[in-house]
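Novice: Below you will find the structure I want to go over with you.
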Amino acid sequence: MDWISSETSLSTRDGITSQIGLLWQQVRAPLLVPSLRIMVFLCLAMSLMLFVERVYMGIVIAFIKVLRRKPEKKYKWEPVKDDLELANYSYPMVLVQIPMYNEREVYQLSIGAACNLSWPADRILVQVLDDSTDLTIKAMVEQECRRWAGKGVNIKYEIRDNRKGYKAGALKEGMKHNYVKLCDYVAIFDADFQPDSDFLMRTIPFLVHNPEVGLVQVRWKFVNSDECLLTRMQEMSLDYHFTVEQEVGSATHAFFGFNGTAGVWRITALNEAGGWKDRTTVEDMDLAVRAGLKGWKFVYVGELKVKNELPSTFKAYRYQQHRWSCGPANLFRKMALEIAANKKVSLWKKCYLIYSFFFVRKIVAHIVTFIFYCVVMPATVLIPEVQVPIWGAVYIPSTITLLNAVGTPRSLHLLVFWILFENVMSLHRTRATFIGLFEVGRVNEWIVTEKLGDALKTKMSSKASKKDRFRIGERYKLHFMEIFVGLYLLLCGWYDYSFGKNRFYIYLFLQSMAFFVAGFSYIGVFVPNS
């Protein structure tokens, strides 16, 4: 009787398998194959857009480097000089704003750096905008401000009774104080940014001698880029942004997206653009676009760098990337028609803003990376009737990758890890982009990026056990979307290895491993509790 029941079970299983196979064949030809072909076509078109954009910027940056077109050659730059009659009044009045929120680890560094800026003491005003909810930290920040005030620094400690508008709300509130009316320019530094003492001496002259310039932005320098593999990957991505995207925008259109920190605004330009708005999570980009549409020019000074910190935990990095991907897409939704209807800037600049700055870089770049390389290409393994041409599968992505890597030549040996990591992050960036475009869900989510300052080094050396020192990632944290995509890629890789002819399985196995590493939080650094 046992063998009869066993045969019955096997026949039932075979029947279910054959039914699934029959259903697959029935759906495959009329539905899946045409749909996948359309997806391949759309992804190839987006890849071409991104390819042309990257090549264009590569050519422009090559000319900039060969011709040595520094901003000092394009714009008038002379140091602000002392005047015996005017005394320090020959120097414009500068406001330095430092917005912060529960910044226990870095508040002393940022306040100290701002108070040590080389500028006449009676012509600079440091404004600490503290939105902290931790009363202990708030007291520490206030005490630090009092300490510097005791040294003769003109420093103001400002708080609000709510966090409306988050950073944008704090900056907007800070501009309302009467003493700000005395200032000509405002320099902005996030709480983990530490400008060198000559920052104002090197940036303010662009604004003083060029009345059409509304913003001077400088480059970021990452103090913890060697902390772990996660920070090295971030450095590669951000270095391209600063060495290529910002340089090209400044040189060709006198426009780029303000990075929200390490920049100096002409207060007239800021006010004319409508001031700070909290309608998106990228209030800095919002302000830059509005000021650009008013005709103000921006200058990027890549040789001047301000030290800051990269997120060193995967959790913090995910939140940051959600904000940086969702915000631009949401801003594009809100401003596309306004840009198109603007009459103060040229048609060429409007096309650049809508197509290049927003559509290709902020939307297409995220979507095509995930949809094409993590969904569509693996699907062609299961449906071999649909083929991706070799130029779309190999040549274009290889060229784009190499052009992206030029910003960080010291990390070329990590290129494979960077590709796999960027594909993993494209999952979150794509989701955030759609949230911003359709204005749903977490569209206005704002979580301040965690900064560790010297805390990580201290804790790892003094309080962590030997076992903890080698732990990485978030303890017991699973990310199911990454795990699901990893399983999908593993399945496609196994199928290609067993039955396919494309040899995609090498890439698919590596990419699935990368998704699993992120899915099980085995990435970033582990910070032991105090």
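The values are calculated or read from the model by the stated rules, or taken from the named source; none is laboratory data. Note that this is a predicted model, so its numbers are computed, not measured. Backbone-built Cβ (ideal geometry, glycine too); neighbour counts: all protein chains shown. Just so you know, the surface numbers come from the protein's heavy atoms only, side chains and all, with ligands and any DNA or RNA stripped out. Shrake-Rupley method; radii C 1.70, N 1.55, O 1.52, S 1.80 Å.
Novice: Residues that are open to solvent by 10 Å² or more (accessible area, probe 1.4 Å) and in contact (Cβ under 8 Å) with a residue 40 or more places away in the chain: find the strands (runs of 3 or more DSSP E) completely inside segment 125-240 holding 2 or more of those.
Specialist: Values: elements: 155-159, 185-188, 213-222.
Filter on segment 125-240 gives 213-222.
Novice: I'd like to verify a number: residues in segment 388-414 that are open to solvent by 30 Å² or more (accessible area, probe 1.4 Å) and without any contact (Cβ under 8 Å) to a residue 40 or more places away in the chain, how many?
Specialist: Of the residues in segment 388-414, the ones open to solvent by 30 Å² or more (accessible area, probe 1.4 Å) are 389-391, 394-395, 398-399, 402-403, 406, 409-410, 412-413.
Of the ones still in play, those that are also without any contact (Cβ under 8 Å) to a residue 40 or more places away in the chain are 390-391, 394-395, 398, 402, 409-410, 412-413.
Residues that pass the stated criteria total 10.
Novice: Based on what the data block shows, is residue 339 among the β-branched types (Val, Ile, Thr), open to solvent by 20 Å² or more (accessible area, probe 1.4 Å) and in contact with a helix residue (DSSP H, G or I) (Cβ under 8 Å, 6 or more places away or on another chain)? So that I can check it myself, show each step before the final result.
Specialist: Values: among the β-branched types (Val, Ile, Thr): yes; open to solvent by 20 Å² or more (accessible area, probe 1.4 Å): no; in contact with a helix residue (DSSP H, G or I) (Cβ under 8 Å, 6 or more places away or on another chain): yes.
Criteria not met by residue 339.
Novice: Quick check on segment 466-496: of everything there that is among the aliphatic types (A, V, I, L, M) and closer than 30 Å to residue 382 by Cβ, which residue is modelled with the lowest pLDDT?
Specialist: Pass one, segment 466-496, residues among the aliphatic types (A, V, I, L, M): 472, 478, 481, 483, 485, 487, 489-491.
Okay, now just the ones that are also closer than 30 Å to residue 382 by Cβ, so 478, 481, 483, 485, 487, 489-491.
Details: 478: 87, 481: 94, 483: 95, 485: 97, 487: 97, 489: 97, 490: 97, 491: 95.
So the residue we want is 478.
Novice: Looking only at segment 64-116, which residues are aromatic (Phe, Trp, Tyr) and part of a helix (DSSP H, G or I)?
Specialist: Going through segment 64-116, the residues aromatic (Phe, Trp, Tyr) turn out to be 75, 77, 89, 91, 101, 107.
Hits for segment 64-116 are 89, 107.
Novice: Hey, can you tell me all the residues within segment 304-328 that are buried (at least 22 other Cβ atoms within 10 Å of the Cβ), hydroxyl-bearing (Ser, Thr, Tyr) and assigned to a helix (DSSP H, G or I)?
Specialist: Once the filter is applied, which keeps residues that are buried (at least 22 other Cβ atoms within 10 Å of the Cβ), hydroxyl-bearing (Ser, Thr, Tyr) and assigned to a helix (DSSP H, G or I), segment 304-328 yields 317, 325.
Novice: Please work out if residue 138 is modelled with pLDDT of 95 or more and touching a helix residue (DSSP H, G or I) at 6+ places or on another chain (Cβ under 9 Å).
Specialist: No: the conditions fail for residue 138.
Novice: Out of (1) buried (at least 19 other Cβ atoms within 10 Å of the Cβ); (2) modelled with pLDDT of 95 or more, the odd one out for residue 118 is which?
Specialist: (1)
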